[in-house]
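What follows is a single structure, written as structure tokens, with notes after it.
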Number of protein chains: 2
Amino acid sequence: MPRTSDKRERLVDAAMTLFHHRGFAQTSLSDIAAQSGVPLGNVYYYFKTKDDLANAVIHERMQHQHGIFQLCEQKDDPKGNLLCFLDFLVEHRADIAKYGCPVGGLCQELNKDESQLSDKADELLNQALKWTTLQFEQMQRKDAAELAQHLLANTHGASLLANTFNEPQIVKQEAEKMKDWIESL
Amino acid sequence: MPRTSDKRERLVDAAMTLFHHRGFAQTSLSDIAAQSGVPLGNVYYYFKTKDDLANAVIHERMQHQHGIFQLCEQKDDPKGNLLCFLDFLVEHRADIAKYGCPVGGLCQELNKDESQLSDKADELLNQALKWTTLQFEQMQRKDAAELAQHLLANTHGASLLANTFNEPQIVKQEAEKMKDWIESL
DNA sequence: GTCTATATGTTGATAGAC
DNA sequence: GTCTATCAACATATAGAC
């Protein structure tokens, strides 16, 4: 038997995708086991409960989102960083229209949960809010927190509309609006 | 036995509240039966399936939302109507922060559903989009649809942030921003 | 029309052989 | 570490007495 196995990674990857596409509550451990090629009973060797697996998914999404923000920081120009983030959303508009924003979706659903998962998911949106606020602060804006809140409100609302009406261009149109807004600051 | 009964109405009311607070998938027919004081087995006399009940809830939300928009039309001034709608959101900011936007929540969740419920829920957001577009059209704006989309994106995103961080003032702050924006048009 | 009892399926989770 | 078999709880939905 191998000392290391990629089963845990495969489980988290499958869960991340399925939670995004179908939602947390609507995804069974059986679905995740099948998608990742791990027998159902073996899932519990890696995760004691479904919530445990969800925590791992949220952690992985944190890492993933952190990587996205790092990619947007290459220029050390805060205004350019924000525009780069909006471009990233536009690039992924097809996915957003089809399945919604993975971060917004998790927060929306887990906010209704009474477990500790709710707070963990909140950290995802908080990470985004902090990064966005930092960019505005580096633009010498005293109202950085307010501006960041406005930007995130718009992008997440745009994702909901795009997903609901299945129209990717809504993400693009709203992103363009926010890019003009940022340029005008 | 009474020819008419309020059981059906009580079931829809209870389902509407529970779907909002806990979500559709996380609410069982047993929960709804208990909350409305109707025995579980009797639910199926009024609704053949859970999806049937969900359809009734969506229809009721359509009526409810229609009533809200009518209340905002009292002045026959389109700009005032839009400001009135934003004031309505601010008034309900505590509920939005606690349970999220009932319309946005339903759309978000049912968008991931493969049944016909998804399309029905979309009509809710579409009703809001149409009304908002009409107001901008009456303001002689050629880009009415675009402006309406921007307004709804912002309010729904603000609801998500307020719900996630449990901060009602986010709804208020963003609504004020959009009121200023509308005044400036 | 109303309600109790129950069928039927799926879920998260466990036991224990290998 | 891995996997099969299975449990117990809960879900939607039905049967049938009243």
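How many residues are more than 12 Å from the chain's Cα centre (by Cα) and in contact (Cβ under 8 Å) with a residue 24 or more places away in the chain when one looks only at the range A:53-91?
Adding up the residues that qualify gives 13.
Against the condition without any contact (Cβ under 8 Å) to a residue 60 or more places away in the chain and more than 16 Å from DNA strand C (Cβ to nearest atom), how does A:Ile96 come out, does it pass?
no
Of the conditions (1) within 16 Å of DNA strand C (Cβ to nearest atom); (2) away from chain A (no Cβ under 14 Å); (3) closer than 26 Å to A:Phe165 by Cα; (4) surrounded by fewer than 16 Cβ atoms within 10 Å (Cβ to Cβ), B:His64 fails just one. Which one is it?
(1)
Every residue in the range B:171-185 that is β-branched (Val, Ile, Thr) and surrounded by 24 or more Cβ atoms within 10 Å (Cβ to Cβ), please.
Scanning the range B:171-185 gives a single hit, B:Val171.
Kindly check whether there is at least one residue in the range B:103-111 that is under 13 Å from A:Lys112 (Cα atoms), surrounded by fewer than 21 Cβ atoms within 10 Å (Cβ to Cβ), of a type outside the set (Asp, Glu) and at pLDDT 95 or above.
No: the range B:103-111 contains no residue that is under 13 Å from A:Lys112 (Cα atoms), surrounded by fewer than 21 Cβ atoms within 10 Å (Cβ to Cβ), of a type outside the set (Asp, Glu) and at pLDDT 95 or above.
Filter the range A:6-38 for residues that are of a type outside the set (A, V, I, L, M, F, W, C) and within 15 Å of DNA strand C (Cβ to nearest atom) and give the result.
A:Lys7, A:His21, A:Arg22, A:Gly23, A:Gln26, A:Thr27, A:Ser28, A:Ser30, A:Asp31, A:Gln35, A:Ser36
Output the number of residues of the range A:123-147 satisfying the condition of being over 30 Å from B:Leu110 (Cβ atoms) and hydrophobic (A, V, I, L, M, F, W, C).
Summing the residues that are over 30 Å from B:Leu110 (Cβ atoms) and hydrophobic (A, V, I, L, M, F, W, C) in the range A:123-147 gives 7.
Are there any pairs, at least 6 apart or on different chains, whose C-beta atoms fall under 8 Å, with the first in the range A:28-49 and more than 24 Å from A:Gln116 (Cβ to Cβ) and within 14 Å of chain B (Cβ to nearest Cβ) and the second near DNA strand D (Cβ under 8 Å from one of its atoms) and part of a helix (DSSP H, G or I), and if so, which?
none
Can you confirm whether B:Gln74 is out of contact with any Ser or Thr (no Cβ under 8 Å at 6 or more places or on another chain), at pLDDT below 95 and not basic (Lys, Arg)?
yes
Considering only residues that are surrounded by 15 or more Cβ atoms within 10 Å (Cβ to Cβ) and outside any helix (DSSP H, G or I), which ones fall in the range B:1-33?
Within the range B:1-33, B:Gly23, B:Phe24, B:Ala25, B:Gln26, B:Thr27 qualify.
Kindly state which helices (runs of 4 or more DSSP H) lie completely within the range B:74-185 and contain at least 2 residues that are facing chain A (nearest Cβ under 10 Å).
B:93-99, B:102-110, B:117-138, B:144-165, B:169-183
If you take the residues in the range A:34-47 that are part of a helix (DSSP H, G or I) and within 9 Å of DNA strand D (Cβ to nearest atom), which one is surrounded by the fewest Cβ atoms within 10 Å (Cβ to Cβ)?
Step one: filter the range A:34-47 for residues part of a helix (DSSP H, G or I), giving A:34-36, A:40-46.
Imposing the further condition that a residue be within 9 Å of DNA strand D (Cβ to nearest atom) reduces the set to A:40-46.
Working: A:Leu40: 13, A:Gly41: 8, A:Asn42: 13, A:Val43: 22, A:Tyr44: 13, A:Tyr45: 12, A:Tyr46: 17.
The qualifying residue surrounded by the fewest Cβ atoms within 10 Å (Cβ to Cβ) is A:Gly41.
The values are calculated or read from the model by the stated rules, or taken from the named source; none is laboratory data. The structure displayed is predicted, hence computed values, not measured ones. With ideal geometry, Cβ positions are generated from the backbone for all residues, glycine too; neighbour counts draw on all protein chains shown.
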